[in-house]
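Read-outs: derived from the displayed coordinates by stated rules, not from any lab. Everything numeric in this text was worked out from a predicted model, so none of it was measured.
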Amino acid sequence: MSFRIILGDISPEYKLFGNTLVATGRPPIAVNRVSVLDYEEISHCTDYGLSWLRTLPALAFGLLCFSLVGAISFAAIAGLKVRQFYTFRITVRYYGSFIAVADKTTYKDFLQAYLDSDESA
């Protein structure tokens, strides 16, 4: 799970470890749940793609069991990959605001960590 910073003056790559965002680039900082002052969801989009790791075995299986057209159809359905991405603004203490993109799972984990910090405060 990772965040990708698309606008801002801090490191573009972060990983989420529990409740802490850790930069994998420069500067090497950790943004914990106490440091996140505010967030705002800007937009979300759905990305459709094809996973070759699922498509090729499905195509081989389809060729054994179906005709060529059936195998291609089966492989296309089995290899379809749907991912949801969220774009949001985060305000971080000492670093200001930046805009990030995260997948659905990472965004939910971030929200859970942020809401947990609000309840404990």
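Miscellaneous remarks
- Karplus-derived 3J(HN,Hα) values for segment 46-63, using 6.51 cos²θ - 1.76 cosθ + 1.60 with θ = phi - 60°, are 10, 10, 9, x, 10, 8, 5, 5, 9, 6, 5, x, 5, 5, 4, 5, x, 5 Hz; glycine and proline are entered as x.
- When only alpha carbons of segment 41-121 are considered, Rg and Dmax amount to 20.0, 62 Å.
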